[in-house]
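Working notes, beginning with the structure itself.
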């Protein structure tokens with residue numbers, strides 16, 4: 001008997017729908033996962049939703065289990081937590097994280113899922129993909145004891161970076177955002193907060209994650225001589241300009257990119273993607289990360305929820321999607 005699941009698809013730019021999909025029976029070395037929660041990564045997923053992936057990046061931006069092609073129709077997403085209902089004995093019944101789109105059930109290779117530690121609630125584990133990005137960024141940045149650091153952009157990625165930096169000894173860390181409401185999030189994460197005009201300068205390191213030209217310009221302005229900006233924002237099809245004249249050369253400033261598609265070469269030799277993701281899940285034992293989940297909706301409401309997230313009518317860091325339990329209650 002064919003197994004049927006429901007999946008969220010972007011039908012055209014700005015319009016999504018729930019589709020029925022037929023699942024294969026899991027073969028040797030595969031697992032059948034029943035989804036508990038998925039997460040909407042507001043920055044990247046809303047960019048995909050509005051059709052903003054540049055043609056040159058269609059291949060590079062593919063999610064691991066994406067169906068369809070950009071701009072649409074496409075099934076896209078990568079923050080999924082569920083229970084293994086069929087599979088190898090060591091995984092059967094385990095709660096796992098997978099880089100899978102929004103779908104009620106799915107079949108993937110067992111190697112594509114990572115067990116969630118018992119210390120991490122399933123509803124928080126959806127943040128694993130974003131915390132993994134933050135881990136890679138800090139491997140790239142290599143902060144040192146005593147550094148003065150700003151994180152510009154208190155979105156999902158910026159807050160994850162700030163949360164990890166809060167664990168380092170001897171740092172001056174400030175989360176900077178134009179939205180004063182983010183001060184409450186910063187407090188929950190254990191870091192200082194400032195509006196852009198009040199941010200502390202003379203920084204050795206600035207992590208930029210606002211995805212705005214103004215934010216990156218401001219990040220450069222916060223640097224001390226010889227300072228570095230780690231650029232985490234992805235601008236999609238937008239072009240930006242920067243003040244690379246003025247004092248950029250005289251102060252010997254640096255802008256370096258960081259992104260999760262490659263394990264940072266600064267990581268300890270031999271670290272793999274699986275190692276990095278497992279580390280991110282271990283770090284999520286800290287309940288401070290709950291501050292990054294700022295809303296929740298039912299799976300069947302996704303076609304109306306994503307337009308609100310994309311427009312800003314529904315403000316969010318990570319918006320959690322819940323799935324009905326097996327009895328439908």
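All of the numbers you see were taken from the coordinates with simple rules; none came from a lab. Because the structure is predicted, anything quoted here is derived from the model rather than measured. Please note: Cβ atoms are built from the backbone with ideal geometry, for glycine as well, and neighbour counts cover all protein chains shown.
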If residue 71 satisfies all but one of (1) under 16 Å from residue 319 (Cβ atoms); (2) surrounded by fewer than 24 Cβ atoms within 10 Å (Cβ to Cβ), what's the number of the condition it fails? (1)
Which one is surrounded by the most Cβ atoms within 10 Å (Cβ to Cβ) among residues in segment 20-34 that are part of a strand (DSSP E or B) and touching a residue at least 24 places away in the same chain (Cβ under 8 Å)? 33
Do any residues in segment 35-46 that are under 16 Å from residue 238 (Cβ atoms) have Cβ atoms under 6 Å from those of residues that are in a helix (DSSP H, G or I), where the two are at least six apart or on different chains, and which pairs are they? 46/309; 46/310
